[in-house]
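> The structure follows.
The values are calculated or read from the model by the stated rules, or taken from the named source; none is laboratory data. Predicted model only: the values in this text are computed from it and were never measured. Cβ placement follows ideal geometry from the backbone for every residue including glycine, while neighbour counts extend to all protein chains displayed. To get the accessible areas, we keep the full protein, side chains included, count just its heavy atoms, and leave off ligands, DNA and RNA. Shrake-Rupley method; radii C 1.70, N 1.55, O 1.52, S 1.80 Å.
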Amino acid sequence: MAPQRNAGAGAEAELPEYAGHYRLESCLGSGGMGVVHLARSTSGMKLAVKVVHAQFAKDPDFRGRFRQEVAAARRVSGAFTAPVVDADPDGERPWMATLFIPGPTLSEQVKRNGPMDSAQLRRLMAGLAEALRDIHRAGVVHRDLKPSNVLLADDGPKVIDFGISRPLDSELRTETGRLIGTPPFMAPEQFRRPREVGPAADIFALGSVMVHAATGQGPFDSDSPYIVAYQVVHDEPDLTGVPDEVAPLVLRCLAKEPEDRPTPDELMRELRSVAASYDTQTFMPAQRTGDAEPSWPPAGRPARAVESGRAMKAVRGGGRWLGRRAALGAGAFGLAVVGALASLPLLDGAGGSPRPASPRTTSAAFSGWRTTPATGGSAPLCSHGAGRLLCATSGLLFALDPSDGHLLWRHPVRKGPRKEPPVLAGGLVQPSAGQGRLLEALDPASGRARWQRDVAEAGSAVSAGGMLLVTGADGKVTGVDGASGDPRWSHRIPGHEVPYFATFSGDPLAYATSASGDGKSTRLTVVDPQTGDVRSDARLDGTLKPFGATDGSVFLLSEDPVYGDARAVVRYTPGTGETRRVPLAVPLQQAHGAVRGNLAYLMGTGGSLVAVDLQAREQLWNLETGTLRGSTPVADDRHVYVTTSDGRLLAVDARRGKLAGQTSPRLGDRSDRIPAALPEPVVVGDRVYGSAPDGTVFAVNGRDPAAW
């Protein structure tokens, strides 16, 4: 693919072909600060990647603002925003990758289809009120809410672009004489006293956005930003054309003084008071029905005057309208789960220098501990084997004593982001599987190298059944003995051009999948790692991704072939050919899961944790955890455990789907960095081991999560 060219402001000669690991495919939009690209991850997941212009990358102040944008976007739940997947604010060309959300912006929707009707406006206002409640609860002020920053997704509006947002506790202040924002959607205090801008400014912007959605114009319109600024500060808003059901709340949002505006919670109370009066269908943006643009203004809607200072006298001060109760509907995307998010505290993680393990009593059965054996701003990825806790971070592999966290040994490894923990194969520690050209095996007792092998043509390597399966760039697979490093077999896997293997702890087999070009079917090949022989080969319906195996069956996620959302769980038994499919109540974005018996536990971007019973063919429960991203879940008979992006370890009751306990956040000093992979918890008997972005590895008692 040729590098993308930027035709927007601040054009560069060439834009990069990649941002981090993500291939840039096309330009979604260009602005004064950067370009937003449609991109794909290695697995094919669609992303929106913002890459800043080269000239701003050289500006330390801009880098500080971009770093703040990443941190602000990361603090907010993914339920009403585009979740951050990855970022590098310190790179040569800073960039941030968020989940790609299909759907037009509100600006595009109104331009193409005209102003929204009353029902659409009610649902839009409910969704934006909930979004601002979520954003403000995370301690963030957006400061640039406008129609082009509202995406109309199928499940409700999403607020994007936190480029000039500011945490409430931030010390960063607006520079003297520098206006930051979009004048038609800025609050009066943003012009008069920008250093004092708070959450109420977002409420004012919401009111302006609603007027635009209802009429195609803002409440203060002029070709001159200076006139707009004067109108915002001194004039009354023009609500001509805004439906009566919506106008009272819009007017309250547009109050000149911040203290006179409703909070998101107050808006929601008004909306809930008459929710039964209106439909609660899922918000679906109206679609264009032809090539011609709709008439403007739409037939039957009065044209608006454009002169300045012609505000409606009937609503000056809002006295007559505000005396009536607004008949407003909440809409389907008024998610009840948001209340649960407030119960999960957001605390500052504390980073620090390496320190010895410190015991912490969690119950009489086991005293927990925590240690920081390595620094560097990334969460160690850990596994358990040979009686040791084996952990890896960028540039280092180390072993800990599971009983007290004592450091047993360290071993340097190739630097770079890691996605998998070290594993045992053939009784030896394999730190380099999937990490590049050099395969290496270590003695688990001492950490010393037992063998090394250069596999220059390796595309990937996974461990299964005591073997390493090394896939070359040409698609040929080589089975390497984990104990000796000697190749056992080498050949292609029929039906797979370049096979990608999924392997699972405790299962001796490897699973290769290849989806058809149209996404309607997936070829699943089960391979014996010892010999490379094909045990079974089948073509199953849908785009499928394996995520677990137990008792002779393999569990797969059935994903949307375009957007990648998980829509069902499939259990396939190769021995009998039986396929069992259980649809999910709500699709999960970027889902990953684990299996415990007949139960599947799935974690999706935005914080949804779901339990599915494949035997009973039903979804058991769905918990909104309140985390932006969560690790692959791990379960025992009592609890499901998940690591969050801020370093918390959550325990959820496996039977009821209720939060049972959580540890404190541990973000560390580099809280602006998004980890490449979140560490899975490690469960050994009654003990649960976790790790956090500040480099901490810790152990807690799995029988008593409430004491964490």
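> Give the accessible area for Asp686 in Å² (nearest 10); use a 1.4 Å probe, count only protein heavy atoms, and leave out ligands, DNA and RNA.
60
> Quick one: how many Å² of Met96 are accessible to a 1.4 Å probe, rounded to 10?
Approximately 10 Å² of Met96 is accessible to the 1.4 Å probe.
> Sort Asp537, Asp235 by accessible area with a 1.4 Å probe, largest first.
Highest to lowest solvent-accessible surface, that is Asp537, Asp235.
> Same structure again: Holding the Cα-Cα limit at 21 Å, pick out from Lys419/Lys545; Lys46/Lys111; Lys58/Lys158 the pairs that are longer than that.
Details: Lys419/Lys545 17 Å; Lys46/Lys111 26 Å; Lys58/Lys158 31 Å.
Check vs 21 Å cut-off fails for Lys46/Lys111; Lys58/Lys158.
> Now a separate question. Please give the solvent-accessible surface of Arg535 in Å², to the nearest 10, using a probe radius of 1.4 Å with every protein chain present.
So the heavy atoms of Arg535 present about 150 Å² to solvent.
> Note down the nm distance, to one decimal, between modelled labels 7 Å out along Cα→Cβ at Ser516 and at Asp265.
Those two pseudo-labels are separated by 5.4 nm.
> Now, a different point. Could you tell me the relative contact order of the range 601-708? Use alpha-carbon pairs under 8 Å, at least six residues apart, and round to a whole percent.
Numbers: 242 pairs, mean separation 21.3, N = 108.
So the answer I get is 20 percent.
> Accessible area per residue for the range 497-592 in Å², computed with a 1.4 Å probe and the full protein assembly in place, what is it?
Per-residue accessible area for the range 497-592 comes out at 45 Å².
> Straight-line reach from Lys256: which lysines have Cα under 22 Å away, leaving out those fewer than 8 places along the same chain?
Here the lysines satisfying the reach criterion relative to Lys256 are Lys146, Lys313.
> Next question, about the same structure. Gain in length, Ala483 to Ser26, computed as 0.36 nm per residue apart minus the alpha-carbon separation, to one decimal in nm?
The Ala483-Ser26 span can extend by a further 159.9 nm.
> So, with a 1.4 angstrom probe, what is the percent of accessible area on the range 457-539 that is carbon and sulfur?
That share works out to 47 percent.
> Express the accessible area of the range 87-128 per residue in Å², computed with a 1.4 Å probe while the remaining protein chains stay in the model. Working shown, then result.
Working: 1290 Å² over 42 residues.
For the range 87-128, the per-residue accessible area is 31 Å².
> Which number comes out as Rg/Rh for the range 545-670 once both Rg and the Kirkwood Rh are worked out on C-alpha atoms?
So for the range 545-670, dividing Rg by the Kirkwood Rh gives 0.99.
> Further question on the same structure: Restricting things to Cα coordinates, could you compute the convex hull volume per residue of the range 459-516 in Å³?
78
> Taking the Cα centroid of the range 684-706 and of the range 33-79, what is the distance between the two, rounded to the nearest whole Å?
32
> Using only the alpha-carbon atoms of the range 525-576, report the extent along each of the three principal axes, biggest first, to the nearest angstrom.
Per principal axis, max minus min of the Cα coordinates gives 36, 20, 16 Å.
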